[in-house]
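The values are calculated or read from the model by the stated rules, or taken from the named source; none is laboratory data. Computed from a predicted structure; not experimentally measured. Positions of Cβ are generated from backbone atoms using ideal geometry, with glycine treated the same way; all protein chains shown enter the neighbour counts. Please note that ligands, DNA and RNA were not included when accessible areas were found on the heavy atoms of the full protein model with its side chains. Shrake-Rupley method; radii C 1.70, N 1.55, O 1.52, S 1.80 Å.
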Amino acid sequence: MEGSERMADADTRTTATSQPPNQAWFERAVEAAGHAIFITDADGRIVYVNPAFESITGYDAADAIGRTPNLLNADHHDQSYFRRLWTTIRAGEVWREEIVNRRADGERYVAEQTIAPITDEDGTITHFVSIQTDVTERREHELALERSRDLLARTEEAADVGGWELALDTEELRWTPGTRRIHGVEPAYEPSIEEAIEFYHPTDRRTVRTFVERALEWELPYDVEARLVTADGSTRFVRTTGQPVVVDGATLLRGTIQDVTEQTARRQQLMVFNRVLRHNLRNGLNVVAGRADGLLTALDADGDLSTDLARTDLDAIVSAAEELLDVAERARRFDNLYRGIRDSQPVEIRPLLDAIVAEYRDAAPRATIRVEGAAPVVLVNRRAVRVAVEELVDNAIEHSSDGAPTVTVRTRERADGSLELAVADRGNGIPEMEREVIVEGEERPLKHGSGLGLWLVKWLVTA
């Protein structure tokens with residue numbers, strides 16, 4: 001109850017003139033009750049509190065008696081709530097409703113409150129008795145379930161989308177099943193906020209942490225793409241969003257996480273194909289234009305052409321055109337392969353690698369190529385494995401420093417059940433810029449790879 005009707009000043013201490021009912025059995029029952037019970041006189045001043053009231057509210061009897069229930073007011077309810085309360089109990093009826101109060105230490109609590117009038121023999125109301133049951137923990141649990149159901153409803157239909165929610169007061173983080181799937185963790189896994197941030201790639205971790213901190217400090221939403229390292233060690237590209245919201249007086253940070261690995265790979269492919277095609281097209285057309293111009297100049301000069309000169313220029317024109325066609329065809333074949341990349345099947349890896357290497361032994365007789373390691377059956381896209389291995393072996397042979405490359409295709413079963421496949425050679429290694437571009441997953445105007453090979457391998461293996 002709140003003495004909002006202002007029969008008496010809520011903060012003025014007075015000596016109680018009315019006394020609570022004096023039945024001994026009633027007093028013993030009230031003293032032993034686990035519910036907070038207090039009694040006011042007809043003017044709303046507290047004349048009695050039981051031990052449970054002191055325990056639940058934090059106010060001693062000496063602090064409460066003589067004051068109105070306004071000392072518990074948490075400023076959660078508006079005046080219409082208290083007007084309805086007083087109208088009900090003054091009419092001799094019982095009031096039953098939930099109330100949000102404040103303890104002596106300032107902490108809010110939720111109580112189920114019942115207030116009943118006490119009358120004398122003539123039916124005149126002399127006192128009011130209030131019984132409060134602290135249901136704070138139960139309500140928090142119910143709200144958590146409601147929020148979890150809400151998160152689940154918003155994200156359960158999409159396999160590559162998850163939801164999450166961070167309660168700022170308790171620092172409790174909740175994940176939906178979709179979020180757990182993206183992270184590759186068990187269905188019952190519940191991380192702390194620090195553990196969740198640790199899933200991000202070390203290079204992106206600081207960025208994600210900064211966005212979360214700014215969202216909390218400035219109460220602004222965020223939307224960022226970053227690399228996530230899943231429980232099995234694979235790297236995925238994700239888009240994560242966050243939005244501060246207030247629910248039942250509590251501030252939450254709600255967000256979503258979406259696996260955008262495929263979309264990111266497609267964006268990279270468009271970027272790289274655009275760069276490679278533009279580069280090769282420009283160079284190829286320069287060759288065609290230059291050689292053709294040379295032929296025309298020679299004709300203008302003496303009206304006759306040297307057979308050797310003509311053959312050299314025409315060979316260069318044909319070669320440039322074939323290289324352009326090869327790049328275009330290579331991109332087309334990869335695109336068709338990538339569209340069906342998820343079509344996997346059990347494959348005996350060793351016979352497949354032996355077959356690939358045998359073809360290279362015929363095509364590159366000066367190269368020494370061998371296969372080593374485990375020979376398990378793995379679940380993969382056979383064509384994707386073939387193309388990836390061929391690209392790496394091509395790269396090793398092409399960049400050999402002595403013209404007689406030694407290439408080893410090696411397999412190793414890892415403890416987590418996956419297969420590691422390596423192609424090693426004794427050449428000069430991958431140039432640092434090329435390595436940085438592939439690892440970062442982004443080409444820039446002054447930093448890009450020299451070709452398609454390593455990009456193709458990255459996209460196939462990631463998928």
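Let's see how each residue does on (1) closer than 30 Å to D169 by Cβ; (2) among the β-branched types (V, I, T); (3) at pLDDT below 85:
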site	(1), (2), (3)
A29	no, no, yes
G34	yes, no, yes
V47	no, yes, no
A74	yes, no, no
V100	yes, yes, no
D105	yes, no, no
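No other residue among A358, A367 is free of Cβ contacts under 8 Å to residues at least 60 places away in the same chain, touching a Phe, Trp or Tyr at 6+ places or on another chain (Cβ under 8 Å), more than 16 Å from L456 (Cβ to Cβ) and small (G, A, S) apart from A367.
Would you check which residues across segment 337-346 are outside any loop (DSSP other than H, G, I, E, B) and either in contact with a Lys or Arg (Cβ under 9 Å, 6 or more places away or on another chain) or surrounded by 15 or more Cβ atoms within 10 Å (Cβ to Cβ) (or both) and list them? L337, Y338, Q345 - these are the residues of segment 337-346 that are outside any loop (DSSP other than H, G, I, E, B) and either in contact with a Lys or Arg (Cβ under 9 Å, 6 or more places away or on another chain) or surrounded by 15 or more Cβ atoms within 10 Å (Cβ to Cβ) (or both). On the stretch given as segment 389-409, residues that are charged (D, E, K, R) and touching a Lys or Arg at 6+ places or on another chain (Cβ under 9 Å) total 1. A Cβ distance below 9 Å, combined with a sequence gap of six or more or placement on separate chains, defines the contacts here; from segment 397-414, residues that are open to solvent by less than 40 Å² (accessible area, probe 1.4 Å) reach residues that are among the aromatic types (F, W, Y) in the pairs V407/Y360.
Among the residues making up segment 114-139, those that are in contact (Cβ under 8 Å) with a residue 40 or more places away in the chain and within 20 Å of N70 (Cβ to Cβ) are I115, I125, H127, F128, V129, S130, I131, Q132, D134.
Considering only residues in segment 381-394 that are open to solvent by less than 50 Å² (accessible area, probe 1.4 Å) and over 22 Å from D232 (Cα atoms), the one that is farthest from the chain's Cα centre (by Cα) turns out to be V393. For segment 88-107, filtered to residues that are of a type in the set (G, A, S) and at negative phi, the residue that is most open to solvent (accessible area, probe 1.4 Å) is A91.
Spot the failing condition for I349; the list is (1) within 17 Å of D394 (Cβ to Cβ); (2) surrounded by 14 or more Cβ atoms within 10 Å (Cβ to Cβ), and only one is missed. Condition not satisfied by I349: (1). Within segment 64-87, if we keep just the residues that are free of Cβ contacts under 8 Å to residues at least 24 places away in the same chain and in a helix (DSSP H, G or I), the residue that is surrounded by the fewest Cβ atoms within 10 Å (Cβ to Cβ) turns out to be S80.
Are any residues in segment 198-214 hydrophobic (A, V, I, L, M, F, W, C) and either in contact (Cβ under 8 Å) with a residue 40 or more places away in the chain or in a helix (DSSP H, G or I) (or both), and if so, which ones? Within segment 198-214, V208, F211, V212 meet the criteria. Within segment 239-259, how many residues are hydroxyl-bearing (S, T, Y) and at pLDDT below 85? Final tally of qualifying residues: 1. Can you work out which of the residues in segment 167-188 that are part of a loop (DSSP other than H, G, I, E, B) and open to solvent by less than 70 Å² (accessible area, probe 1.4 Å) is farthest from D416 (Cα to Cα)? Going through the qualifying residues, I end up with L168. When E217, E195, E225, E262 are checked against the criterion of being part of a helix (DSSP H, G or I), modelled with pLDDT of 85 or more, open to solvent by 60 Å² or more (accessible area, probe 1.4 Å) and among the acidic types (D, E), a single residue qualifies: E195.
Whether any residue in segment 142-150 is in a loop (DSSP other than H, G, I, E, B), modelled with pLDDT under 90 and open to solvent by less than 60 Å² (accessible area, probe 1.4 Å) is what I want to check. No, there is no match, as no residue in segment 142-150 is in a loop (DSSP other than H, G, I, E, B), modelled with pLDDT under 90 and open to solvent by less than 60 Å² (accessible area, probe 1.4 Å). When Q243 is tested against (1) open to solvent by less than 60 Å² (accessible area, probe 1.4 Å); (2) under 14 Å from T256 (Cα atoms), only condition (1) is not met.
Here F53 fits the description: in a helix (DSSP H, G or I), out of contact with any Leu (no Cβ under 7 Å at 6 or more places or on another chain) and closer than 26 Å to R28 by Cβ.
Checking L220, L216, L253 one by one, the residue that is closer than 30 Å to V100 by Cβ and under 14 Å from the mean Cα position of the chain (by Cα) is L253 and no other.
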